[in-house]
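Read the structure below first, then the notes.
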Amino acid sequence: MINFKILTISFLCIFSIQLSFAQQDDNAWVMEATSTKDYTGAPIANGRIGILPWKEPFSIQHVILNHVFDIDDNFGVARVLKGLNPFTMKMTVNGTEVSQDNISNWKQSIDMRHASHTTSFLVNGKAEISYTVRALYNLPYSGLITVKVKALTDISIGADNEMDVPEGYIDVNHVFKSLIAGKDKRVNILQTNASSNKRMHKVAASSMFIYQEDKFKFASRENKRIVLSADIKRGEEVSFSLVGTVCSTRDFIDPFSESERQVIYVAHEGTASIIKAHNRHWDNLWQGDIIIEGDREAQLAARFALFNLYSYCRKGSNLSISPMGLSSQGYNGHIFWDSEIWMYPPMLFMNQDIAQSMINYRTDRLVAAQNRAGTYGYNGAMFPWESDDWGEESTPINAITGQFEHHVTADISIACWNYYCMTKDTKWLKEKGYPLMKKVAEFWISRAERNTNGTYSIKNVVGADEYAENIDDNAFTNGAAAKALDYAAQAAKVCGEKAPAQWTEISRNIAFHHFVDGVTKEYIDYDGQIIKQADVNLLGYPLGIITDPAQLKKDLAYYETKIDNVDGPGMGYSIFSVQYSRLGDVDKATEMFYRCYQPNLRPPFNVLAETATSHNPYFATAAGGLLQALINGFGGLEITASGVEQKKSVLPKHWKKLTIKGVGKDRKTYVVNNNK
């Protein structure tokens, strides 16, 4: 039994963590950690690769490859691959390896403005060392580590790099090449290539040291290691860099040569120029920003949420975001409803390029969804609950969500309509959006069953509340299906087509059920069970099916006590915050806002775990929920058929002002002042 007394404990208090905040300017861009206790790493990513720095000197835990899959025997389904890791550098000072045991004054910082992760420390009082890790946004298959060393006494230093080959690769091959690339430019490249276990992909990683040739000596060891060495006088400062590129046959016919070309490009371009270009990309991304005056902790949480979503997808990729982004292999890297309902909406407001990639991920896989519908005896298109790169179902077979959690199909159609409403891109709607919406509507026509009283039921589903399986008339599933049908009819009109009358007939007569006191039931037989996450309350926002304030308050009050606050994901509370904000209840809106993320923060950088008790960050889904609480709740912004509208809302009492910058294609700014 859940102890709901937990709900009242310190949700409105500042979460206690071992984190100090370095103030770069008044808007808080830098997070700084000085303790490694209970350490959880924070990834640096660029939409194609995710790099996870760790607490030990020069440690990179892994590299995640976006949408590069192979079948994993342990999981039984397609799983996103860890890349061959070209960032396994070690350093020595006077022949002794730098480690946790011989350093002091350890510090790490994340600069969100320009997406860099810096570690610094002293080594036995002999050297000051700092290094910065970047997943290069301008070179999305590459990362760069820049190292600075200041000698406090006369010292000898060494830097050593080799490739880490994660479990699950076969046919591993190590290559070292020293060649002239361009006029008089010698490059020394270390490459490792291998096949994924089931040979679905080949992966190649190349790395290269970039250094001052008059300061360092270079050597290679057995085609597996590259080594730098130098003698440094007291007071002298030197620097060098390690560039690494990871490519696969998902994106390149010849990933071997391409990985080499990219490190050569960096060597010729120069690290200063490469970093400058990387920074320009991030300056452009931050045209979409959220500024909170009066609450530094909330400001950092908001910006870190945006930072991570910007890191996990990119313009032109036509890829989407998995629940754990590019932080890990969590949820096997699959795409769920988390994308369309939680992460996509804030991107649609703040960065239409990323939003377009996310929705094109689905339109590009429409044929697979049509095949899946036919496989289960339905018409139209039935999207998978867990989508792999081919758009096929990849839910582990021990979970029946793959067969029965059908609301994702409606969620995707709703996302298509919202993209059109935000952008007014009629060409996209005609060519990509409406063809998908039409097939989704055909699916729901074949899925719904007419009752004797003229209503329509959708039976035997798993709802948004996944604790409830094989249920009839799930509130969110029915509501999402109704919206998908209604929006498909509106889209047909825009595209000059006539929608079947049955679309409107079913959307207007879908069945919802209520308790005697009027509270909306989660499903026909629901009787007060604990639920995993928001379900009924999604009818108020984002679906907008329930609009009556009295009904909204009644449903909010009832289901607040039903959500599993121990093992349920935090983003459900963001939905409560949005609705309480719009209802004008500032105290409840504030409480629910902090509840949606504070219990899930993990030190030292406040990365988000999925639940209050789990340790599986970074949970990008919760970041999406947090941002919706700000944009659509406190900010009052809503997408309508006419574009973005701002509704009356409230701010937490201790906030002075909320500014949401870069909204929509015109990059508008919306401001909410706290008029107490």
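Please work out how much length the chain gains when fully extended from Ser104 to Ala550, using 0.36 nm per residue of separation minus the C-alpha to C-alpha distance, in nm with one decimal.
Length gained between Ser104 and Ala550: 154.6 nm.
Quote the FRET efficiency, to the nearest 0.05, computed for Asn460 versus Glu392 with a Förster distance R0 of 25 Å and r equal to the Cβ-Cβ distance.
Efficiency, rounded to the nearest 0.05: 0.70.
With contacts defined as alpha carbon pairs under 8 Å and 6 or more residues apart, what's the relative contact order of the chain in percent?
13 percent
So for the pair Ala557, Asp254, with labels modelled 7 Å out along Cα→Cβ, what separation do we get in nm?
Output for this residue pair reads 7.1 nm.
Per the helix-only calculation at 222 nm, which mean residue ellipticity applies to the chain, given -39500 (n - 2.57) for every DSSP H run of n ≥ 4 and division by its residues, nearest 500 deg cm²/dmol?
Helix contribution divided over all residues of the chain: -8500 deg cm²/dmol.
Set the bar at 22 Å for Cα to Cα. Now go through Lys177/Lys315; Lys82/Lys224; Lys493/Lys668 and name every pair that lies beyond it.
Check vs 22 Å cut-off fails for Lys177/Lys315; Lys493/Lys668.
Starting from the coordinates of the alpha-carbon atoms of the chain, obtain the Kirkwood hydrodynamic radius over all distinct pairs and give the value in Å to one decimal.
Averaging 1/r across every pair of different Cα atoms and inverting gives 26.2 Å.
For Lys588, which lysines qualify as cross-link partners when the Cα separation must be under 21 Å and same-chain residues fewer than eight apart are set aside?
The reachable lysines, counting only those whose Cα sits under 21 Å from Lys588, are Lys5, Lys532, Lys553, Lys554, Lys562, Lys647, Lys648, Lys653, Lys656, Lys657, Lys676.
Apply 1/(1 + (r/R0)^6) to the Cβ-Cβ distance of Asp38 and Asp73, taking R0 = 25 Å, and write down the FRET efficiency to the nearest 0.05.
For R0 = 25 Å, the calculated efficiency reads 0.15.
Let's see if you can work this out: charge +1 on each Lys and Arg Cβ, -1 on each Asp and Glu Cβ, no other charges. What is the dipole magnitude of the chain about its Cα centre, in debye to the nearest 20?
Dipole about the Cα centre, nearest 20: 1740 debye.
Would you mind computing, in nm to one decimal, how far apart the modelled labels at His514 and Leu122 are, each placed 7 Å from Cα along Cα→Cβ?
7.1 nm
Please order Thr590, Thr88 by the number of other Cβ within 10 Å, starting at the fewest.
Going from sparsest to densest Cβ surroundings: Thr88, Thr590.
Based on DSSP H assignment, which helices of the chain show an axial Cα extent of at least 15 Å together with a mean Kyte-Doolittle hydropathy greater than or equal to -0.5?
Taking the DSSP H segments of the chain (at least 15 Å long, mean hydropathy at least -0.5), we get 296-312, 407-423, 434-447, 475-494, 572-583.
Please compute the contact order of segment 34-285 in relative form: average sequence separation of alpha-carbon pairs under 8 Å and at least six residues apart, divided by the residue count, as a percent.
With pairs under 8 Å counted, the relative contact order is 19 percent.
Mind scanning Lys439/Lys521; Lys150/Lys215; Lys90/Lys202 and naming the pairs with a C-alpha gap bigger than 21 Å?
Lys439/Lys521; Lys90/Lys202
Please compute the length gained on full extension between Lys653 and Lys315, using 0.36 nm multiplied by the number of residues separating them and subtracting their Cα-Cα distance.
Answer, rounded to one decimal: 117.9 nm.
Between Asp214 and Asp353, what FRET efficiency follows from the Cβ-Cβ distance if R0 is 41 Å, with the result rounded to 0.05?
My answer for the efficiency is 0.40.
Could you work out how far apart the two model spin labels at Thr613 and Leu179 are, taking each label as a point 7 Å from the Cα in the direction of the beta carbon, and quote it in nm?
Each label point is offset 7 Å from its Cα along the Cβ direction, giving 5.6 nm.
With only alpha-carbon atoms counted, please give the Rg and Dmax of segment 34-285, in Å.
Rg, Dmax (Cα atoms, Å): 17.9, 57.
Could you please rank Trp390, Trp385, Trp282, placing first whichever residue has the fewest other Cβ atoms within 10 Å of its Cβ?
Ordered from fewest to most neighbouring Cβ atoms within 10 Å, Trp390, Trp385, Trp282 come out as Trp390, Trp282, Trp385.
Give me a comma-separated list of calculated 3J(HN,Hα) values for segment 388-402, in order, Karplus coefficients 6.51, -1.76, 1.60 applied at θ = phi - 60°, integers in Hz, x for any Gly or Pro.
Calculated HN-Hα couplings, in order: 9, 5, 8, x, 9, 5, 10, 5, x, 5, 6, 10, 8, 4, x Hz.
None of the figures in this text is laboratory data; all of them are computed from the coordinates on show. This is a predicted model, so every value here is computed, not measured. Every residue, glycine among them, receives a Cβ derived from its backbone with ideal geometry; neighbour counts consider all protein chains shown.
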